[in-house]
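The values are calculated or read from the model by the stated rules, or taken from the named source; none is laboratory data. What you see is a predicted model, and the numbers here were worked out from it, not measured in a lab. All Cβ positions, even for glycine, are placed from backbone atoms using ideal geometry, and neighbour counts span all protein chains on display.
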Amino acid sequence: MLIGLQNVTFEFGARVIVSDATWHIQPGERIGLIGYNGTGKSTLLKVLVGQYTPSKGTVEKGRDTTIGYLHQDLLSFDTSETITEVALGAFERIRELEIDIEQLGKDLEANPEDNDILIKYTDALHEIDILDGYNIQHKAEEVLHGLGFTTKDLARPYKEFSGGWRMRVLLAKMILQQPDVLLLDEPTNHLDLPSIEWLEKYLLHYKGSVVIVSHDKFFLNKMVNKIVEVYQQQLNFYTGDYEYYEVEKVQRVEIQQRAFDNQQDYIRQQEKFIERFKAKASKAAAAQSIQKRLDRLDVIEDVQIERPNIRINFAVDKTPGKVLVDLKGIGKSYPAQTILDNAFAEIERGDKIALIGANGKGKSTLLRIVAGMESYEGERVWGHNVDESFYAQHQLESLNLNNTILQEVQECGTKKTDLELRALLGCFLFGGDEVDKRIKVLSGGEKARVALTKTIISKANFLMLDEPTNHLDMVTVELLADALTKYDGSIILVSHDRFFISKTANKIWEIEDEKIVEFKGSYHEWLEWKERMAKHKAANPETPKAAKEEKRQVKQEPIITTPEVKPVAIDKDLQKQIQKLQKALAQLEQNIETLNKEKTEIEIQMADPAVYTDNTKFQTVEKSYHDKNALIRSMNKEYEIAFSDLLILESK
């Protein structure tokens, strides 16, 4: 064990975060710490690192365990050093050795025959060599580049950067320190898509353990092999990625609900017997015996749902024309950068466009041009009957600070009742009396959620959304994505949340070579297309002339995918391999079906009063259930690998 909690209870004022919680972080684990907003995930990390002291229990830590903790409070750090110098601060021992070597070298020049100085000098050189100290500059620059910094940025002072970029520098420093345990609180909040993808690749090969608090489902699915859920003041453990957690969570809830219902039926039957026969002398002893048995019964708790199963619904007042926005010859430049140069694009009725790419490419600038909130060259033609609504972080400034949350959304002029408005605010984590809070006492994240709520209820037929999922938990992101999928209007959005993009977008826009490049298709289709293009490019290196010609063509017209047609020629050996894999897949399907039937039988046993009232029997059956589940997961994984191999063979 590297670090952990042993029977820990921690309260924040009168609110209990966890009660009697035990959690040990082992070497090599990549853990996703999840839970609804407000359940105390960030607080739990602070307990782990000793910033908060539990009221009961102990925080355990290995004597030599090193911990790196990335959190939002780090933004208070400030310095005039360059970002490279800040990142190099990770190599504290190496920097000390560099100073020692420089001084010892001078001492040795002055006293060339001093054997003690020579030994110290040689030892220092040996240690810095073992620590790979001569490559720290390269390592620091590599990580900073991976997190989105340009070569010019490396020499700029840390204090010149905004909060999001500062957090990247501190993340780089932490990665370079290579602690035994990395605790990362929302590490993707300040990263663009290329940087998130780089971080994923890096952490997948990280030798230490990693604990991640994140609302990015894509990130968690790629990164973690274990889920720790903070739920109803308890820690629940799931061995798998986030998708596995979602499936297993439903199964556990169903089993617990079934066991609870069966036990309640059993209790009611026994209580009826007691009530009926307790006064009869011949049955009184039996009634007392049953009462004692009920008193000793290990009561199964009811399944409580913390979040109501509500949905966000959009409505539109009028239908727009076929083309909502027509961008003609758009140009936009800043003194140090050209964003767009003679760019063309159209947004049509029914389009749900995701603007993606690295930070600094001009995504938000283009979104503001579409909204008419940014100066530009060229022509922006607004369509017929377009009723727009724009959401961005800066809208927080337009909120009336003296209004309550409910009053603020009431002033949007919709015909929704207070009950409907309260239900919608509940989706955005404002429940009960919280809707009566004044805007002026809200945090930045809470104000952002109020502004997003106002955008949702506007009944507009064209939504422009700049990072709408910031400050939302995963449940609310899903609700919003589901609503936008069913939304009858058109959307253009900027987001780094890949789950959100994949659920909502039917077109992808990128800014490349100062032009707007459009891909007609979903985010997953776009990823597949990018992968095919990368493989094609690697297999067919371009001549400078061909590259220039392709670049010219991309500038002139958007990218439109067409199905690939390949000639099929399968030799006999290949045919045999395919047939063998097909038989193996058929057998695996049959085995999985059999295992699922056996699992269902075990679930029936677990819900049997004769089993769940007998602790020994229940533990045996429960172990059998978990073993069966593990076998099903293993076989499903085997099936996926075989299916993937079959696809590869069939594509030859």
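Among the residues that make up region 409-421, is at least one of them touching a Lys or Arg at 6+ places or on another chain (Cβ under 9 Å), of a type outside the set (S, T, N, Q) and buried (at least 19 other Cβ atoms within 10 Å of the Cβ)?
Yes.
Those residues that are surrounded by fewer than 19 Cβ atoms within 10 Å (Cβ to Cβ), in contact (Cβ under 8 Å) with a residue 60 or more places away in the chain and within 24 Å of ASP20 (Cβ to Cβ), I need them from region 219-236; list them, please.
Residues satisfying the conditions are TYR231, GLN232, GLN233, GLN234.
Within region 358-372, is even one residue farther than 17 Å from ILE492 by Cα, surrounded by fewer than 16 Cβ atoms within 10 Å (Cβ to Cβ), of a type outside the set (D, E, K, R) and modelled with pLDDT of 90 or more?
no
When only residues in region 482-522 that are surrounded by fewer than 20 Cβ atoms within 10 Å (Cβ to Cβ) and within 18 Å of the chain's Cα centre (by Cα) count, which is modelled with the lowest pLDDT?
The selected residue is ASP482.
Quick one: in region 176-218, which of the residues that are under 14 Å from the mean Cα position of the chain (by Cα) and free of Cβ contacts under 8 Å to residues at least 40 places away in the same chain is surrounded by the most Cβ atoms within 10 Å (Cβ to Cβ)?
If we take residues in region 176-218 being under 14 Å from the mean Cα position of the chain (by Cα) and free of Cβ contacts under 8 Å to residues at least 40 places away in the same chain, then HIS190 is surrounded by the most Cβ atoms within 10 Å (Cβ to Cβ).
Counting only residues that are in contact with a Leu (Cβ under 9 Å, 6 or more places away or on another chain) and surrounded by fewer than 20 Cβ atoms within 10 Å (Cβ to Cβ), which one in region 1-22 is modelled with the highest pLDDT?
Per the stated criteria, the residue is THR22.
Answer yes or no: is there a residue in region 252-270 that is part of a loop (DSSP other than H, G, I, E, B) and in contact (Cβ under 8 Å) with a residue 12 or more places away in the chain.
no
Within region 57-76, is even one residue small (Gly, Ala, Ser), touching a residue at least 60 places away in the same chain (Cβ under 8 Å) and out of contact with any Leu (no Cβ under 8 Å at 6 or more places or on another chain)?
no
Quick test of your reading of the structure: ASP317 fulfils all but one of (1) surrounded by fewer than 17 Cβ atoms within 10 Å (Cβ to Cβ); (2) assigned by TED's automatic domain parsing to the domain that holds GLU512. Name the failing condition by number.
(2)
Select from region 452-502 the residues that are farther than 25 Å from LYS322 by Cα and either in a loop (DSSP other than H, G, I, E, B) or among the small types (Gly, Ala, Ser) (or both) and list them in ascending order.
Of everything in region 452-502, those that are farther than 25 Å from LYS322 by Cα and either in a loop (DSSP other than H, G, I, E, B) or among the small types (Gly, Ala, Ser) (or both) turn out to be GLU467, PRO468, THR469, ASN470, HIS471, LEU472, ASP473, SER495, HIS496, ASP497.
Is it true that some residue in region 332-352 is at pLDDT 80 or above and in a helix (DSSP H, G or I)?
So far as region 332-352 goes, no, none of its residues is at pLDDT 80 or above and in a helix (DSSP H, G or I).
With the requirement that a residue be touching a residue at least 60 places away in the same chain (Cβ under 8 Å) and either in contact with an Asp or Glu (Cβ under 8 Å, 6 or more places away or on another chain) or more than 27 Å from HIS215 (Cα to Cα) (or both), what does region 42-56 give you?
SER42, LEU45
Within region 234-275, can you find the residues that are under 22 Å from the mean Cα position of the chain (by Cα) and of a type in the set (S, T, N, Q)?
Selection gives GLN234, ASN236, THR239.
Conditions tested, residue by residue: (1) closer than 25 Å to PHE149 by Cβ; (2) in contact with a Phe, Trp or Tyr (Cβ under 8 Å, 6 or more places away or on another chain).
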position: SER76; (1), (2): yes, no
position: GLU81; (1), (2): yes, yes
position: GLY89; (1), (2): yes, no
position: ILE94; (1), (2): yes, no
position: LEU104; (1), (2): no, yes
position: ALA110; (1), (2): no, no
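Test each condition in (1) surrounded by fewer than 19 Cβ atoms within 10 Å (Cβ to Cβ); (2) in a strand (DSSP E or B) for GLU397 and report the one that comes out false.
(2)
Would you be able to tell me the number of residues in region 327-340 that are farther than 13 Å from THR365 by Cβ and not aliphatic (A, V, I, L, M)?
Summing the residues that are farther than 13 Å from THR365 by Cβ and not aliphatic (A, V, I, L, M) in region 327-340 gives 3.
Which ones in region 87-107 are more than 30 Å from ASP153 (Cβ to Cβ) and in contact with a Lys or Arg (Cβ under 9 Å, 6 or more places away or on another chain)?
ASP100, LEU104, ASP107
Considering only residues that are hydrophobic (A, V, I, L, M, F, W, C) and modelled with pLDDT under 85, which ones fall in region 431-451?
Selection gives LEU442, ALA448.
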